[in-house]
Every structure is written in C-alpha cells, then in structure tokens.
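Computed from the coordinates by the stated procedures, all read-outs in this text should not be read as laboratory data. Computed from a prediction, not measured in an experiment: that's the story for all the values here. All Cβ positions, even for glycine, are placed from backbone atoms using ideal geometry, and neighbour counts span all protein chains on display.
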Amino acid sequence: MKRLSRVIFILMLLSLSSLRAHAAGIPTGDLLQGIKPGPDGKSDVLVVFPHEDDEMYCDGTLLKMKQDPAVRVHFLVMTLGDLSPSKDVLGISPEKMAAIRIKEMGKVAEVVGADSYIQWTIHDQGLGALPREELANKILKVINDTHAEVIIGYGPEGIYGHPDHVAGSKAADLAFAQSTAQKLYYVNVPRALYPVYHLLSKTNPLPATVKVDVRKVKKMKMLAIDEETSQKYFISFIPKLEMSLNFDYEYFTLAASKP
C-alpha cells in the first residue's frame with residue numbers, strides 16, 4: 001500500500017507539470033449557458049453527491065454561480081459518511097464521525113452560500129445495496145422539490161471507483177432522465193491527472209467538455225474545503241494532497257441536455 005501511494009504521488013507530480021498543456025484543448029464555459037430559468041426568473045442548481053466532502057470538485061464553480069442573485073444552489077448528500085477512515089485515526093465511533101461530517105458540510109454550505117442543504121441518513125457504502133429505481137425516485141423528489149434546472153454529480157466511474165460514487169451516479173442519471181431538469185453535468189478532474197485515478201479505479205473519467213475559470217474565487221474555495229477538517233487532515237496522504245490542490249479551473253462533462 002505504501003508503495004502504491006508513492007507511485008501515485010510521483011504520477012501526480014509528473015501530471016501536474018503538464019497540467020497547462022492538457023487543459024488547453026478544453027473550452028472555458030458556464031454551466032448555466034443555455035438554461036431556461038424557472039417562472040420566477042431564477043435558476044436552480046442541485047449538487048448530488050454521496051458524501052460530505054465530494055462537492056470539493058465543484059466548490060469554485062458554485063461560489064462563482066452564487067455571485068449571481070438569480071442563481072440558487074442546493075446540496076443533496078445521500079449518506080452519513082460514517083465509515084470514513086478518519087474515524088479510526090481519530091478513535092471515534094461511526095455515529096460521532098457522521099455527526100462531525102454533517103456539521104462540517106453545513107459550514108461548507110454556509111461558505112458557498114447554498115440555499116438549501118438536504119442530508120439523508122443512509123449509511124456510508126450503503127447506496128449500492130438499494131435498488132437503483134428506489135434511489136432514483138428519492139433523488140427525483142429532491143429535483144422536483146428544488147425545481148432544479150441543472151444537476152451536478154459524479155460520472156459512471158465515480159472519479160476513482162468508490163462504490164457509493166458509482167451507485168449514486170447511476171441513480172442520478174435515471175432521476176435526471178425522468179425529471180424536467182435541463183442539463184446533467186459530471187464533475188471531472190484535469191486530464192493530466194487521469195493516470196493517477198486510473199491506478200485507483202482502472203478507468204478514466206469521461207472526457208471533460210468544459211472548464212470553469214475559478215481564479216477569482218480560489219481563496220473562498222479553499223476556505224470551503226478547509227471546513228472538511230476531518231477529511232483533509234485525518235485521512236491518508238493522497239486524499240490530503242487532493243484536497244490541498246487549488247487549480248485555476250474546475251472540469252465538467254456535459255452528460256445529458258434537454259431542450
């Protein structure tokens with residue numbers, strides 16, 4: 001395991017050195033481009049993730065969106081995050097871990113300026129045990145309740161293959177297809193880092209179709225990520241490094257779009 005961590009670390013350093021070249025071919029854009037606002041003239045964005053720190057891939061984009069008073073942002077977190085390895089490092093129970101993570105996510109929502117934070121009570125690593133249609137129906141209800149035009153979540157590989165990420169993605173895809181939402185985006189990572197995540201999941205994310213310039217909100221983005229203290233400072237080295245990276249752009253794949 002230590003050898004694998006060293007390999008991943010070296011790969012990450014090599015990848016970061018070529019980051020600018022890899023990003024050049026991806027257009028800079030806006031996830032709300034082409035969206036028809038709701039009857040009140042506002043656009044709603046629903047972020048659907050399994051865990052309380054998964055939003056780190058798009059915090060900058062959400063902060064940028066919230067600069068527009070006509071945009072509302074909603075967080076849906078599907079599990080309690082109670083099986084995080086941090087609990088073992090900290091010597092606490094799964095119940096205590098869940099309580100800490102939920103509190104941390106509330107602080108993230110406050111930094112981002114989210115209009116709502118919806119927390120489910122499914123246990124960590126439990127999404128795959130639920131029938132896909134049942135989970136999709138639960139997500140669909142949140143989409144309808146928030147009147148979301150845009151959905152952001154994981155792609156089919158879940159970035160690095162976590163079973164909750166994969167199961168949540170499949171259910172969100174189905175919910176989107178049954179909803180009135182207009183666009184579905186998968187969070188992505190810089191293409192230069194694909195070899196690193198390939199080592200972890202044996203797959204690569206789908207190619208990014210758009211990158212969002214978050215340079216003006218980078219400090220606030222790191223403030224949001226720093227609220228996830230239990231995950232950033234009490235977990236293995238690679239996740240620590242991942243949560244410390246602060247790129248100029250965030251990457252997304254447009255997975256589906258409706259007129």
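Charge tally for Glu134 (other residues, Cβ to Cβ under 13 Å; Lys, Arg +1; Asp, Glu -1): +3. Inter-label distance, Asp213 to Asp30: 1.2 nm, where each label sits 7 Å from its Cα along the C-beta direction. Each of Tyr249, Thr121, Asn137 was scored by the projection of its Cα onto the charge dipole of the chain, and the greatest displacement toward the positive side belongs to Tyr249; charges sit on the C-beta of Lys, Arg, Asp and Glu. Mind sorting out which of (1) 19.4; (2) 12.9; (3) 17.5 is the real mean projected area of the Cα convex hull in nm² computed from the coordinates? Step by step, mean projected area of the Cα convex hull in nm² for this structure corresponds to label (2). How much FRET efficiency would the formula 1/(1 + (r/R0)^6) give for Thr180 and Gln67, where r is the Cβ-Cβ distance and R0 is 41 Å, rounded to 0.05? Computed FRET efficiency for Thr180 and Gln67 comes out at 0.95. The count of lysine pairs in region 110-259 whose Cα atoms are under 19 Å apart, excluding pairs fewer than 8 places apart on the same chain, comes to 19.
Take every Cα pair under 8 Å whose residues are at least 6 apart in sequence, average their separation, divide by the length of the chain, and the relative contact order is 26 percent. Legend: calculated FRET efficiency, Ile118 to Ser257, from the Cβ-Cβ distance at R0 = 22 Å, rounded to 0.05, equals 0.35. Listed from fewest to most Cβ neighbours within 10 Å, the set Met220, Met105 follows the order Met220, Met105. Mind telling me which of Tyr154, Tyr186, Tyr117 comes out most flexible in a GNM of the chain, alpha-carbon contacts under 10 Å? The residue that fluctuates most here is Tyr117. Charged neighbours of Val166, selected by a Cβ distance under 15 Å, balance to -2 (K, R count +1; D, E count -1). The stretch between Lys138 and Leu90 holds 14.0 nm of extra length on full extension. This uses 0.36 nm per residue minus the Cα-Cα distance.
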